[in-house]
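Single-structure report; data block below.
The values are calculated or read from the model by the stated rules, or taken from the named source; none is laboratory data. Just so it is clear, the model here is predicted, and its values are computed rather than measured. Positions of Cβ are generated from backbone atoms using ideal geometry, with glycine treated the same way; all protein chains shown enter the neighbour counts. When the accessible area is computed, the model is the full protein with side chains, heavy atoms only, and any ligands, DNA or RNA have been set aside. Shrake-Rupley method; radii C 1.70, N 1.55, O 1.52, S 1.80 Å.
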Amino acid sequence: MLSKLRSIWQSWRAKRTSSMRRHIFVTFAIPYLLLFSLLMWVAERTASDNAIASATSRFEQVGQRTSESLFRIEEPARAWLAAMTRNPAQGIHGVEDLALLRVHMTLLSRSPHMASVYFGYGNGEFARVVSLSSAETRQAVKAPEAARYAVQFVRPLAGALAQESLEFYNAAMLPLAASRSQGTEFDPRTRPWYAAAHNAKVGDAVATPPYMFAFPRVLGVTMSANLGNGDEAVGPAKPMKTVGGVDFSLASLSRYLGEQKSLKSVQAYIFDETGHLWAWSDAARYDKLLASGTVPRVENLPEPAQRQLLKTALSQAAKRKPEGGYVEIEAEGGTRMAASIVSVPRLGSQRVFVAVTDPTTEVFADVAQLRLRLLVLGLVGLIGGALVIALLARRIARPLRLMAVQTKLLERFRFNDFSPGKSRIKELAQLQSSLSMARAALSGYARFMPKPLVRHYLALRSEPKPGVESREVVAMYGMFRQPLHLPSGQNSVGFEALSAVLQHVEGARGVADRIDNDGVGALWNAPLIQNNPALRACEAAYQAIEWLDRHRANDQAPWPVFIGIDMGMASVGNFGTPTGRLIYTAAGQPMHRASDLALHARRLSVPLLITEPVAQLVGKYYELRPLDLPELRVPCYGIARRSAGTEAMKLSGAEGMDATDFGASTRGGASERRMRHSDRRDLDSLGSDPQSVPVSTPDLK
């Protein structure tokens with residue numbers, strides 16, 4: 001059993017490979033990593049010991065400031081109720097009290113978090129001034145666009161219904177024409193705010209628990225007070241008990257918390273001793289809780305850690321002094337959360353608390369400072385050791401990496417860029433010498449076989465073997481005006497033309513098959529299968545002829561070439577013997593017919609002749625003229641020019657030519673003019689009108 005496991009382990013290690021630099025680095029880096037982890041563990045333990053003291057001080061300050069902010073939001077309401085106490089005549093009884101209405105509207109404009117102020121009388125009358133700053137309120141009362149305030153009056157009638165009227169005022173506190181009146185069952189004496197303040201001491205402000213407002217239908221709390229019996233009243237016919245109230249929506253309280261700068265990095269909650277959640281500084285998420293139409297509770301918070309923390313805070317707040325206290329928990333997943341609890345007794349008879357929470361204790365200043373010091377110490381040791389290890393690994397691994405890159409250059413046939421270097425390490429120097437010998441052998445091998453085929457053998461990790469196959473190929477033969485073996489003074493011109501044709505063949509992914517005394521042959525779709533080989537051959541021939549034409553026009557005097565192209569079935573493969581010399585070539589009718597076409601093209605001074613199978617595939621790209629040549633015994637065509645709107649195919653391998661951009665569009669330029677030589681015959685004298693042989697041929701990518 002052990003031997004089997006050992007065998008499996010050795011087999012796995014043999015298959016798993018990595019760089020030498022990685023091996024060296026990992027071997028020496030593990031001790032430093034362990035040391036760094038130990039230092040971080042010490043930092044965490046030290047931070048935990050100091051977390052409670054830092055968090056308590058910080059959170060208590062933030063909680064106290066939040067409590068003071070809530071007092072500021074209720075202070076205008078308390079001042080207003082105090083001003084109205086024992087003087088309920090300052091209440092409003094009709095639109096004729098415009099001066100008093102403007103006083104109340106001014107109060108609402110200066111206190112945007114107050115939703116409305118109102119008076120409820122003992123005889124059932126009711127008067128309210130409403131701020132239309134929120135979209136919910138405007139939608140509820142169907143207010144005009146210019147309205148900024150609404151005044152509501154309810155007067156009891158003899159029947160079961162009371163009469164309700166609604167007046168609108170603009171931003172300048174002037175009445176608008178829009179108003180309406182309707183019957184209503186509303187009775188202020190049945191509302192929670194009236195019942196809470198009716199029996200209270202005159203002038204004492206009380207707050208209701210959260211409830212659903214009658215107008216508009218939103219959740220909120222009301223601060224109300226008993227204003228007295230109206231002994232000095234001038235409005236009602238006889239003295240009656242009057243209650244004043246100020247509404248705060250829960251949504252506005254949440255927005256107010258979110259606007260406090262001291263709460264930007266923490267979360268704040270307002271909740272009472274019964275577990276009702278009055279406000280949350282994350283107003284957007286709190287609005288989703290309010291959408292249910294009931295007062296949210298601590299249990300409704302979306303995150304388990306929040307629920308756990310506030311439940312703990314609620315239980316701790318019930319046991320502690322009214323000032324509140326500090327709570328810290330460890331939630332699921334190891335996240336530490338802390339909360340500072342401050343009691344807010346001013347909001348009503350029930351106990352209300354403000355809780356300021358933070359998801360982690362990493363924000364505490366003292367802990368962060370200590371952790372930073374230990375982190376810097378650990379990083380200095382780790383980085384110093386890593387630099388030493390990296391230099392050692394680089395000394396050994398760099399020459400090997402360079403040779404790996406040079407091997408890739410050999411695989412890509414970039415022999416001129418190959419430079420393995422010279423290492424001072426004996427074994428690496430021997431390996432570099434072997435690579436140089438391999439470069440010489442592969443370079444010589446590639447000269448006797450097409451590069452695409454050699455790349456194919458390298459990709460398959462195989463070697464050439466004798467054998468042929470039958471395949472449809474496209475053969476091209478280009479014949480020059482004069483033989484290539486000329487005196488040295490003119491021979492460079494002939495070989496310049498030959499090089500131009502060969503480079504255009506390579507650019508169209510063709511393979512030069514043979515070079516004769518006065519011509520050159522090329523193949524497409526062999527040795528590798530290609531898409532649209534006929535179009536590739538025609539583009540190589542067409543652009544080679546254009547290149548030679550341009551140089552003849554500039555008096556650079558390269559020789560003209562006459563080209564024939566045919567396609568059909570041929571025998572292709574490695575001809576020869578394994579112990580002798582193998583050569584990849586093709587034998588068959590297309591090669592002979594392409595040579596005959598080139599011979600007739602030179603005789604007729606026609607630049608490019610193609611057979612009918614080729615014309616069927618490229619007819620949509622060129623204007624063709626059928627030629628009557630009985631001696632060829634096959635229909636043939638001459639290419640006159642490109643079809644209108646056809647662009648030149650990009651030849652990617654035509655390096656070393658002149659500044660011509662073989663990928664640029666030739667629309668409207670040289671490609672649309674007739675191919676011209678001073679000693680060539682116009683196709684109009686040999687054939688009929690140009691014609692196109694349409695066929696659905698996919699574009700080359």
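Which net charge results when you count Lys and Arg as +1 and Asp and Glu as -1 among the other residues whose beta-carbon is under 14 Å from that of Thr274? With Lys, Arg at +1 and Asp, Glu at -1, the net is 0. A simple packing score, the average count of other Cβ atoms within 10 Å per residue, orders the peptides 418-428, 100-110, 396-406 as 100-110, 396-406, 418-428, with the highest score first. Across the accessible surface of the range 505-553, with the other protein chains kept in place and a 1.4 Å probe, carbon and sulfur atoms take up 48 percent. Each peptide in 170-176, 628-634 receives the mean, over its residues, of other Cβ atoms within 10 Å, and ordering these scores from highest gives 170-176, 628-634.
Using per-residue counts of other Cβ atoms within 10 Å, averaged over each peptide, order 217-227, 566-576, 133-143 from highest down.
Highest-to-lowest ranking by the protection proxy: 217-227, 566-576, 133-143.
Taking the centroid of alpha carbons for each part, the range 157-223 and the range 599-647 are 96 Å apart.
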